[in-house]
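The next block holds one structure in the form of structure tokens; read it before the comments.
The values are calculated or read from the model by the stated rules, or taken from the named source; none is laboratory data. Everything numeric in this text was worked out from a predicted model, so none of it was measured. Cβ placement follows ideal geometry from the backbone for every residue including glycine, while neighbour counts extend to all protein chains displayed. The area values use the complete protein model at the heavy-atom level, side chains included, leaving out ligands, DNA and RNA. Shrake-Rupley method; radii C 1.70, N 1.55, O 1.52, S 1.80 Å.
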Amino acid sequence: MSYFKPINKHPNLEKNKLGLTRRDYEGGVSTLCAGCGHDSISACIIEACFRLNIEAYKVAKLSGIGCSSKAPAYFLNASHGFNSVHGRMPSIATGANCANEDLLYLGVSGDGDSASIGIGQFIHAIRRQVNMVYFVENNGTYGLTKGQFSATNDLESKNKYGEDNLFPPIDLTSMAIQMGASYVARSFSGDRDQLVPLIMGAIQHKGFALLDIISPCVTFNNHDSSTKSYDYIRNHNEAMGKTDFVPLGEEIKTNYDDGSSVEVKLHDGSRLSLEKTDHNFDPTDAGNSLELIREKNKEGKIITGLLYVDNKCKPLTEIMDLPDKPLNTLEQDELCPGSEVLDEINKGLS
Amino acid sequence: MSDKKYLFKRNNVWWVKLAVPLSLRSELGYDLRRTTGEKDLDKALPIRDKIVEEFKTEFQIRKVNADDKGIVLRGTEHMQKTDISDPQYFHKVVDCQYACPAHTNVPEYIRLIAQKKYDDAYMLNWESNVFPGILGRTCDRPCEPACRRGRTHDKPVAICRLKRVTYDYKNDIDPYLPEIPKVKNGKKIGLIGAGPASLTVARDLLPLGYEVTIFEKDNKPGGLMRTNIPSFRLPAEVLDEEVYRIIKMGAELKTNSYIDSLKNVIDSFDAVFVGTGAPKGKDLEIPGRKEASENIHIGIDWLTSIAFEHTKSIGKKVIVIGGGNTAMDCCRTAIRLGADDVKVTVRSPKSDMKASDWELEEAIDEGIPILDNTSPKEFLLDDEGKLKGMKFEKMEAQYTDGRRKLIPTGEEIIIECDDVLLAIGQDNAFPWIEKNIGIDFNEWDCPIVDKTTMQSSHPKVFFGGDAAWGPENIIWAVAHGHQAAISIDNFCSEVDLFDRPPPLTNLVSQKMGIHEWSYDNGISQEARLEVPHADLKQALNDLKMEVELGFDEKLALDEAQRCLNCDMQTVFQEKLCIECDACVDICPTDCITFTTNDTEEKVREKLRVPALNLDQDLYVSGKLATGRVMIKDEDMCVHCGLCAERCPTGAWDIQKNNYIEAHNLNKGRVKAKEVA
Ligand SMILES: Cc1cc2nc3c(=O)[nH]c(=O)nc-3n(C[C@H](O)[C@H](O)[C@H](O)COP(=O)(O)OP(=O)(O)OC[C@H]3O[C@@H](n4cnc5c(N)ncnc54)[C@H](O)[C@@H]3O)c2cc1C
Ligand SMILES: Cc1ncc(C[n+]2csc(CCOP(=O)(O)OP(=O)(O)O)c2C)c(N)n1
Ligand code: SF4
Ligand code: SF4
Ligand code: SF4
Ligand SMILES: [Mg+2]
């Protein structure tokens, strides 16, 4: 028996503007447990990149340590990748971002990687508005090390062996909004219709985009008392209205009643159209968003959808006024200001 | 109360069977069957009523739609959960087996070849199609255009050539032949004609203790397989081995015995099977036909006289008229007999020719020109009254609404020739069947025969092969033979002829352990392998030299690896599924979609890849926890098993679907199963 995906593909498979099919965006066959939510997220990343006609060689996949951090091996085979030590992916992303603005940075991390060991780095990457999509594949556990509680596990959620969790969870979305993240969404690995447009929006957004994605660990955190199991999420998911990604120059296809949808323009001119279930909700008002998250938490609901967006933010490279071109393409004359400038400086010192 | 109408029992479970109205039979088959799933008759009865109602509504909808639109719509309701206990559901997924008139289990014999178990592979074929060596060389192979590989890749698996491999590489298979009872059952059956149809009936009846007598007008058995299929396609040893194997099973063969009166035969037997073929070659009544008759030959008669070595030569210039396989055999035979200028003329465009692609290709490869759109007008004679050529008119094909019309262009051409061979079709002819003995004929002088039972209007007389509905091919003759043998056995045992044995089926899980499956999904991605041919020059000089050499062992094993194992079925259990999408993501050909249920038309549109091939079914699950359903488009599944391998809960399983079409050889097996 071979476990490799055969090269066969459906002859009628849709092609994108680059003439590629979804399958051209795949990676190696996953070695994660069958049924792991992380694999579904990989599939959604593939779908989003396919639909956005992204050239894989213009993408860098960055990750730390964990099952989630292994996932970049299972999508976008033709992209760049960097697998850092545990919790250190944000620093790599920050450095890479400064050195080369042209690449699309997809950071893939877990709740352990980001909310425990890497939380310090995580917060500063947000604060500095690194231009990247930051995925937290959130399963409430340390999957790779066999199921210890993570810092996002809910207080009442026991582990697989029935032991109590002693500490309250960190809510990554509220924390990110408070730290200044400019695109914050929560979703569920099992809801592709919601997740794919959110990823597409995050990719087109310029600035730090956090996707906190509940992603069940079938092996260590899918039991009855878990609050991150498939069943629990399906029963407690409160999805905000439908999200549609509208590429540049295309018409919005879905029709909502007047006033029941908002449109968010992204940096490249494409738009997200959000159906509103709550008429008073404004996704560009941080206070509003924090309030909503807190309220739903209190009700025992998991609110999913685009929670906050600031489409006017300045990304790191602009804040620091870095050169537009990747550093490795700068020529001698661009790097060296020349003897005249040097003389000028020297004069100032004398 | 135990009203058993519409019910029958299989493996101790009650099934519902409802006859399909005549007008829907070509589409739905003779009857519809579904299990009630109940062993207890009282529990089965209420379920029966429900199912019967469903069937009746279905008939009603289809009839109305068919009347309204001339097409049959697929219902307007949400899709029903697929009933995989219906043996036909998974049978249909095995495209080759489903297309085969005898329903030979192709993927199983190909796997046996891959394991070099040639004897087993041969016997599997023999039980189902009776003439693996003959068919492996000559079969019309309806399985190949149906082969899934033709959709997922480029060309189908060389199924027919692999069948030949089972013959070429087998050892002595005599020990595996069915036992023939010493004590007979007292029933005598007369078979008229010793072609493949009759021989199949004999083979199927002998193991049950019937006494079988075969009457053949020629001096050797085999029918058209001997007299018309040239030995450069089918060597005499192969034919003799497979034909005489049946005779040796205990059939009494009377050769040189032309039956000139059915009436005289009927009373000596408990049942009679007519397998006399369609022996009359069509003639061409155009000017000059009578005058030139010495050099004009009816193709099938001419081939026969060559087979019996009465004819040994032909003129130098030969025209063959006709576009079917007989024309191909005639032209290739003429060349081998010494003609040096052979042309085939056909009225239609080349693309519409009836000949199988491979036979046409062989003729073209042997350098024979095919003149299409060429319609014969007149035989031309020289001063001595001898044939000197033919006049033809060029035609033009015009297509309106997909219908072809051949329009004469007025352009005439003349082709010189010494001899003409007519290969323009065959007719049935029954001058020896009396009109007053209860056998009804239709307006074309063909007997009226029931499609399911092969019974004529005379209860004791059955028809099959070309004699039933006109010229077909060997594999259809075999399929008819199986059905006729079942009917004859029922008839002699006083069982209703429509109470036919169901196919033997079972589904066996292939899971052996974690990450272990008992079949090899590592298919070859190579193109279809070519079969080696004999040296052309030599072959064209020798009437008996076989042209195709068959695969050697290496080629056979490589070709076998191209098979997609379509009998390895994906079986889904919704109660185990947690909707994690692992199967959706791993499936290489995007067969699986989880979505909301809808009408078939809408469902087909909204799958991951729209399901445009309406010939292929959708596998629909019951409702899942989220209210959605799983829908699998069977069309492009490569049976890799990865969905089952990746499924964390075992909601998908891979199960081998063993489907054995009913024939009398497995009657003993059915009995064994019922006991168990
Ligand atoms: C030139 C040619 C090439 C063909 N090539 C192929 C091929 O490659 N592959 C393929 O699948 N099919 C081929 N066919 C078709 C195939 O041979 C027939 O469909 C098949 O043999 C039919 O079988 P049958 O048993 O119905 O009848 P037949 O094979 O026609 O056998 C009938 C037998 O009955 C005998 N008979 C007839 N009347 C009487 C009587 N009154 N009394 C006693 N005996 C009688 C005949 O002598 C004959 O032996 C070919 C046909 C032709 C003409
Ligand atoms: C410096 C360091 N400390 C501890 C570990 C052990 N370790 C490996 S993965 C992991 C937790 C991963 O959890 P998470 O990021 O949630 O990933 P998951 O496997 O759940 O997807 C830990 C603690 C390590 N590899 N390196
Ligand atoms: S241990 Fe959990 S997180 Fe890791 S691969 Fe398995 S299911 Fe996924
Ligand atoms: S066996 Fe399963 S995974 Fe493989 S092609 Fe078929 S449906 Fe897809
Ligand atoms: S992999 Fe199994 S459990 Fe997961 S969706 Fe497919 S069938 Fe259901
Ligand atoms: Mg985790």
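Only one residue in B:542, B:558, B:535 is within 28 Å of residue B:239 (Cβ to Cβ) and in contact (Cβ under 8 Å) with a residue 24 or more places away in the chain, so which one is that?
Selected residue: B:542, the only one of B:542, B:558, B:535 that is within 28 Å of residue B:239 (Cβ to Cβ) and in contact (Cβ under 8 Å) with a residue 24 or more places away in the chain.
For region A:1-30, a residue qualifies if it is open to solvent by 70 Å² or more (accessible area, probe 1.4 Å) and within 16 Å of ligand 5 (Cβ to nearest atom), and exactly one does: A:3. Residues in region A:125-156 that are under 11 Å from residue A:208 (Cα atoms) and either more than 15 Å from the chain's Cα centre (by Cα) or within 16 Å of ligand 1 (Cβ to nearest atom) (or both): A:127, A:128. Filtered by the rule that a residue be open to solvent by less than 30 Å² (accessible area, probe 1.4 Å), hydrophobic (A, V, I, L, M, F, W, C) and more than 8 Å from ligand 5 (Cβ to nearest atom), region B:625-643 gives B:629, B:631, B:636, B:637, B:638, B:640, B:642.
Scanning region B:517-532 for residues that are open to solvent by 50 Å² or more (accessible area, probe 1.4 Å), touching an Asp or Glu at 6+ places or on another chain (Cβ under 9 Å) and not charged (D, E, K, R) returns a single hit, B:527. For residue B:118, the criteria (1) in contact with a Ser or Thr (Cβ under 6 Å, 6 or more places away or on another chain); (2) open to solvent by 10 Å² or more (accessible area, probe 1.4 Å); (3) under 30 Å from residue B:277 (Cα atoms) hold in every case but one, which is (3).
Check B:470, B:513 and return the single one that is in the same structural domain as residue B:560 (by TED's automatic domain parsing) and open to solvent by less than 30 Å² (accessible area, probe 1.4 Å).
Just a single option satisfies the conditions, and that option is B:513.
For region A:194-233, filtered to residues that are free of Cβ contacts under 8 Å to residues at least 40 places away in the same chain and more than 16 Å from ligand 2 (Cβ to nearest atom), the residue that is nearest to the other protein chains (Cβ to nearest Cβ) is A:231.
Output the residue which, of all residues in region A:70-102 that are touching a strand residue (DSSP E or B) at 6+ places or on another chain (Cβ under 7 Å) and in contact (Cβ under 8 Å) with a residue 60 or more places away in the chain, is nearest to residue A:247 (Cα to Cα). Among residues in region A:70-102 that are touching a strand residue (DSSP E or B) at 6+ places or on another chain (Cβ under 7 Å) and in contact (Cβ under 8 Å) with a residue 60 or more places away in the chain, the one nearest to residue A:247 (Cα to Cα) is A:97. Applying the condition of being out of contact with any strand residue (DSSP E or B) (no Cβ under 7 Å at 6 or more places or on another chain) and part of a loop (DSSP other than H, G, I, E, B) to region B:194-215 and asking which residue is nearest to residue B:275 (Cα to Cα) yields B:195. Where helices (runs of 4 or more DSSP H) sit wholly within region B:260-378, those with at least 3 residues that are open to solvent by 60 Å² or more (accessible area, probe 1.4 Å) occupy B:357-365. Quick check on this structure: which one of A:159, A:153 is within 16 Å of ligand 3 (Cβ to nearest atom), surrounded by fewer than 24 Cβ atoms within 10 Å (Cβ to Cβ) and assigned to a loop (DSSP other than H, G, I, E, B)? Only one candidate qualifies: A:159.
So that you can scan it fast, the table gives a plain yes or no per residue for (1) within 15 Å of ligand 4 (Cβ to nearest atom); (2) surrounded by fewer than 18 Cβ atoms within 10 Å (Cβ to Cβ):
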residue: B:485; (1), (2): no, no
residue: B:489; (1), (2): no, no
residue: B:534; (1), (2): no, yes
residue: B:540; (1), (2): no, yes
residue: B:549; (1), (2): no, yes
residue: B:557; (1), (2): no, yes
residue: B:579; (1), (2): no, no
residue: B:582; (1), (2): yes, no
residue: B:588; (1), (2): yes, no
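Let's see how each residue does on (1) closer than 20 Å to residue A:70 by Cβ; (2) at pLDDT 95 or above; (3) open to solvent by 10 Å² or more (accessible area, probe 1.4 Å):
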position: A:109; (1), (2), (3): yes, yes, no
position: A:116; (1), (2), (3): yes, yes, yes
position: A:121; (1), (2), (3): yes, yes, yes
position: A:124; (1), (2), (3): no, yes, yes
position: A:127; (1), (2), (3): no, yes, yes
position: A:132; (1), (2), (3): yes, yes, no
position: A:136; (1), (2), (3): yes, yes, no
position: A:145; (1), (2), (3): yes, yes, yes
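With respect to the conditions (1) of a type outside the set (Lys, Arg); (2) open to solvent by 50 Å² or more (accessible area, probe 1.4 Å); (3) within 16 Å of ligand 6 (Cβ to nearest atom), residue A:223 lacks only one, and its number is (2).
Residue-level check: of (1) within 16 Å of ligand 1 (Cβ to nearest atom); (2) closer than 30 Å to residue B:137 by Cβ; (3) without any contact (Cβ under 8 Å) to a residue 24 or more places away in the chain, residue B:530 misses just (1). For the list (1) part of a helix (DSSP H, G or I); (2) open to solvent by 50 Å² or more (accessible area, probe 1.4 Å); (3) not assigned by TED's automatic domain parsing to the domain that holds residue B:554, I need the number of the one condition that residue B:98 fails. Of the numbered conditions (1) part of a helix (DSSP H, G or I); (2) open to solvent by 50 Å² or more (accessible area, probe 1.4 Å); (3) not assigned by TED's automatic domain parsing to the domain that holds residue B:554, the odd one out for residue B:98 is (3).
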